[in-house]
Amino acid sequence: MALPSGEIVSRPMVVRACGHEQEFQYYAVDKYRAQRLAKFQKTRCSVCVEKLNEEQQKAAAAAPSKGEALAMLPLGTQITLTRKPDGNWAGTMTSDGKTVESTGEGAQGLTVALARLWLSTHGTPGLALKPPAPAAKPAPKPVPTARPAPTLRPR
Ligand SMILES: [Zn+2]
């Protein structure tokens with residue numbers, strides 16, 4: 001897309017995707033003004049883009065680390081990784097009866113991505129902080145049967 005040139009002939013206020021108005025610059029020479037305007041209207045204003053970036057950075061900082069994510073998964077979690085013909089990996093993680101799927105270039109990265117995906121969609125916040133469930137009571141000893149064992153008769 002060629003860059004517009006010449007003087008700015010008009011600066012109308014245009015509502016962007018986030019609902020805020022922002023100045024759109026009309027250049028004297030601009031072959032692609034319609035496309036630029038359409039893109040301008042479909043995207044967020046610069047303030048909202050900045051906010052969004054900040055939120056994403058915060059979310060990334062708050063996300064559990066690789067080790068934490070894996071440690072937070074419930075016991076019994078199963079991971080299946082399959083190397084595909086294109087060299088990428090396809091992964092499935094099933095835990096607690098819930099399955100998530102993803103693909104990635106590296107098996108290790110994919111494992112962590114699956115763990116984070118599972119935790120973000122099905123995980124219980126604070127799950128890892130709960131004390132482990134008490135061990136199940138040992139099964140009662142079988143009561144000996146009153147019936148005497150059948151006597152073996154020679155054939
Ligand atoms: Zn905005």
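Structure notes:
- Take the Cβ atoms of residue 88 and residue 10, set R0 to 41 Å, and the FRET efficiency comes out at 0.25.
- Three-way shape label, segment 1-111, alpha-carbon gyration tensor, a/c 1.5: prolate
- Loop-resident chymotrypsin sites (Phe, Trp or Tyr not before Pro) (DSSP state other than H, G, I, E or B) in segment 1-94 with no more than 15 further Cβ atoms inside 10 Å of their Cβ: 32.
- In this simple spin-label model, placing a label point 7 Å from the Cα along the Cα-to-Cβ direction at both residue 77 and residue 49 gives a separation of 3.6 nm.
- Taken along its principal axes, the alpha carbon cloud of segment 71-123 reaches lengths of 31, 16, 15 Å, longest axis first.
Just so you know, all these numbers are worked out from the coordinates, no wet-lab data involved. The structure displayed is predicted, hence computed values, not measured ones. Neighbour counts run over all protein chains shown; Cβ positions are idealised from the backbone, glycine included.
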